[in-house]
Amino acid sequence: MCEVTAACRAVLYLRLSRDDDNLGESKSIQNQRSLLQGYAAQHGFTIVGEYVDDGWSGTRFDRPRFQDMLRDMEQHRFEVVLVKDLSRLGRDYIQTGRYLELVFPEHGVRLIAVGDGIDTARADTDLAPFRNVINEMYARDTSRKIRGALHTKMRAGKFIGNFAPYGYQKDPQDKNHLIPDERAAATVRQIFAWAAAGKRPAEIARMLNERGEPPPAVYRTLVHPGLNPNHSSKYKVWTSVGVSRMLQDVVYLGHIAQGKTDKVSFKSKKTREKRADEWIIVPDCHEPLVCQQTFDAVQRQRSARRCDRKGAFSNLFSGLVFCLDCGKAMSTVGTRKKGSAASLACGAYKLRGTAACSNHFISYESLYHCVLDAVRRYVCLSEQDCDALFERLQHRLRLDERGREAGRERERLTQELTRVQRLVAQLYEDRAAGKIGETNFYPLLERYERKTAALQQQIDAVQSDCGAQSLQRLQERLRAIIRRYTDVEELTPSLLFELIERIEVGQGTYEKTEKGKVKRQKVIIHFRFLPVPCEIDWIE
């Protein structure tokens, strides 16, 4: 190591991170350079190099120019490193101490932190470890403040990602707000339409690739030409995994779901996946690309697929059939009935026995023919049959003038109103705890109050909308369905999920007839286009 008074070859190390932006010119690169050049001239050092890491955090030591400096040090190209203060070298006290006490001395290099008055060539450097701890505490505090600011933005429904999700773009007037990207948005709508019609993610991916539609990663490089294209082949084509992930994303309903991951430590680049109930989800933040009905239909399609991978048996009714007695889903079980593939049994009984429900089931073939018969009876109709059916429906609707559909809609709106009211309560709690400031509190409160008022108006409208207008809309929807299905030869997943919302099967009873013992079961089918369920007394 060179003597303190001798002329030595020195290099300048300069660093500035985004965390330092609010500190102004005092820590700018130019300021650091001027200070260190003056110090070198005053003390007779010859400057032989300069290393600048602009925009790099002090908690990271993989900074490119810092690594260049270490490689030059191993080549013995200098004897002195000049920094403005120890925080420029790093804000991790363990790593910074390692370089001060081990790495630099092993290579005969002297470090001088001008602003802190620290020179490793002198013996009075006992305060250096404490300064390193203070610098790390500053980095930890800055990280905590940044994380808190980001969480506040997330809770306010502001999008904080670097790039907008596929189908959207950042609003030029507000980078934290999303607006549809019409070209990609059209593809998203098509994907959901295909999925709702029963197409699987792998089939959708194949169709998109055949059409030459650029996948999200490629499309991003087209929208942002400055990005380097990803050369991995899996990102250059649509995949079933990518389509499946898109079909689950609530962003296409107009909601924002963020905070899905977090860092193990502010010093580490590793992240962990958070549970879904830990995400920050804010509804109605931007224009949706799909309606709630289509999104729900897609989710039911996905959950209903329980097809055996060997192709032996596929249950068309999975996710649709429920026990009339306890309300639990019915699932397939083995059967001894000749010619039958399976039976559907109450799921509660399967799990907990008679303590939960009774042991009752229906053969898969019986349910299939029962539903097919009902579809033909209520869907495959002539115009005259439609008029007759509607007359019967009107009579039943007059018995309950609000109707089943209005009741379901009112229940949905009431649940949404309750959820928004909980958000308001939580907002006040966060304000009282100091988690959110006035700047964000009042805009959020005003937004939730507007949402509450709008929901209340919708609830009042549903309660009063039970007259001729409601009946006319029902008849128009019924005629539209009937025109589409003039003849149904067989049941398919897309047909079932478009026409039927729920099927309920009751416990069967056995009766003696002239032809022997028969099983009679009550089956209730809730068609989506009818305001009242269809009750069927089915005989196996």
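The values are calculated or read from the model by the stated rules, or taken from the named source; none is laboratory data. The structure presented is a predicted model; accordingly, all values stated were derived computationally and were not measured. For neighbour counting, all protein chains shown are included, and Cβ atoms are generated from backbone atoms with ideal geometry for every residue, glycine included. These area figures cover heavy atoms from the full protein model, side chains too; ligands, DNA and RNA do not enter into them. Shrake-Rupley method; radii C 1.70, N 1.55, O 1.52, S 1.80 Å.
Among the candidates 85, 53, 72, which residue alone is closer than 14 Å to residue 12 by Cα, acidic (Asp, Glu) and either under 42 Å from the mean Cα position of the chain (by Cα) or open to solvent by 70 Å² or more (accessible area, probe 1.4 Å) (or both)? Break it down into steps so the answer makes sense when it comes.
On the way: 85 fails: either under 42 Å from the mean Cα position of the chain (by Cα) or open to solvent by 70 Å² or more (accessible area, probe 1.4 Å) (or both); 72 fails: either under 42 Å from the mean Cα position of the chain (by Cα) or open to solvent by 70 Å² or more (accessible area, probe 1.4 Å) (or both).
Being closer than 14 Å to residue 12 by Cα, acidic (Asp, Glu) and either under 42 Å from the mean Cα position of the chain (by Cα) or open to solvent by 70 Å² or more (accessible area, probe 1.4 Å) (or both) holds for just one of 85, 53, 72, which is 53.
Just for the stretch 56-69: of the residues that are more than 21 Å from residue 34 (Cα to Cα) and touching a Phe, Trp or Tyr at 6+ places or on another chain (Cβ under 7 Å), which one is surrounded by the fewest Cβ atoms within 10 Å (Cβ to Cβ)?
My answer is 68.
Of all the residues that make up the stretch 202-219, how many are surrounded by fewer than 16 Cβ atoms within 10 Å (Cβ to Cβ), within 17 Å of residue 189 (Cβ to Cβ) and in contact with a Ser or Thr (Cβ under 6 Å, 6 or more places away or on another chain)?
Summing the residues that are surrounded by fewer than 16 Cβ atoms within 10 Å (Cβ to Cβ), within 17 Å of residue 189 (Cβ to Cβ) and in contact with a Ser or Thr (Cβ under 6 Å, 6 or more places away or on another chain) in the stretch 202-219 gives 0.
Given the criterion basic (Lys, Arg), more than 28 Å from residue 501 (Cβ to Cβ) and modelled with pLDDT under 85, identify the matching residue among 305, 272, 220.
272
Within the stretch 178-201, count every residue that is surrounded by fewer than 20 Cβ atoms within 10 Å (Cβ to Cβ), out of contact with any helix residue (DSSP H, G or I) (no Cβ under 6 Å at 6 or more places or on another chain) and within 21 Å of residue 292 (Cβ to Cβ).
8
Starting from residues that are assigned to a helix (DSSP H, G or I) and open to solvent by 20 Å² or more (accessible area, probe 1.4 Å), keep the ones in the stretch 36-50 and report whichever is nearest to residue 12 (Cα to Cα). So that I can check it myself, show each step before the final result.
So in the stretch 36-50, the residues assigned to a helix (DSSP H, G or I) come out as 36-43.
Add one more test, that the residue is open to solvent by 20 Å² or more (accessible area, probe 1.4 Å), and what stays is 37-39, 41-43.
Details: 37: 8, 38: 11, 39: 11, 41: 12, 42: 15, 43: 14 Å.
So, considering only residues that are assigned to a helix (DSSP H, G or I) and open to solvent by 20 Å² or more (accessible area, probe 1.4 Å), the one nearest to residue 12 (Cα to Cα) is 37.
Here is a yes/no grid of residues against (1) in a helix (DSSP H, G or I); (2) modelled with pLDDT of 80 or more; (3) within 19 Å of residue 154 (Cα to Cα); (4) open to solvent by 90 Å² or more (accessible area, probe 1.4 Å):
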position: 415; (1), (2), (3), (4): yes, yes, no, yes
position: 428; (1), (2), (3), (4): yes, no, yes, yes
position: 439; (1), (2), (3), (4): yes, no, yes, yes
position: 450; (1), (2), (3), (4): yes, no, no, yes
position: 461; (1), (2), (3), (4): yes, no, no, no
position: 466; (1), (2), (3), (4): no, no, no, no
position: 470; (1), (2), (3), (4): yes, no, no, no
position: 473; (1), (2), (3), (4): yes, no, no, yes
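When you check residue 167 against the structure, is it under 16 Å from the mean Cα position of the chain (by Cα), closer than 16 Å to residue 247 by Cα and small (Gly, Ala, Ser), yes or no?
Values: under 16 Å from the mean Cα position of the chain (by Cα): yes; closer than 16 Å to residue 247 by Cα: yes; small (Gly, Ala, Ser): yes.
In short, yes.
Which pairs turn up if I take residues in the stretch 288-299 that are under 15 Å from residue 319 (Cβ atoms) and outside any helix (DSSP H, G or I) and look for partners that are open to solvent by 60 Å² or more (accessible area, probe 1.4 Å) and not aliphatic (A, V, I, L, M) with beta carbon separation below 6 Å, at least 6 apart in sequence or on another chain?
none
Cβ-Cβ under 7 Å, sequence separation 6+ or interchain: first residue in the stretch 352-372 and part of a helix (DSSP H, G or I), partner of a type in the set (D, E, K, R). Which pairs?
366/540
Being surrounded by fewer than 16 Cβ atoms within 10 Å (Cβ to Cβ), at pLDDT 70 or above and under 30 Å from residue 259 (Cβ atoms) is the requirement here; does residue 159 meet it?
no
Do the conditions hold for residue 388, that is, is it modelled with pLDDT under 80, within 39 Å of the chain's Cα centre (by Cα) and open to solvent by less than 50 Å² (accessible area, probe 1.4 Å)? Talk me through it step by step, then tell me what you get.
Values: modelled with pLDDT under 80: yes; within 39 Å of the chain's Cα centre (by Cα): no; open to solvent by less than 50 Å² (accessible area, probe 1.4 Å): yes.
No, not satisfied.
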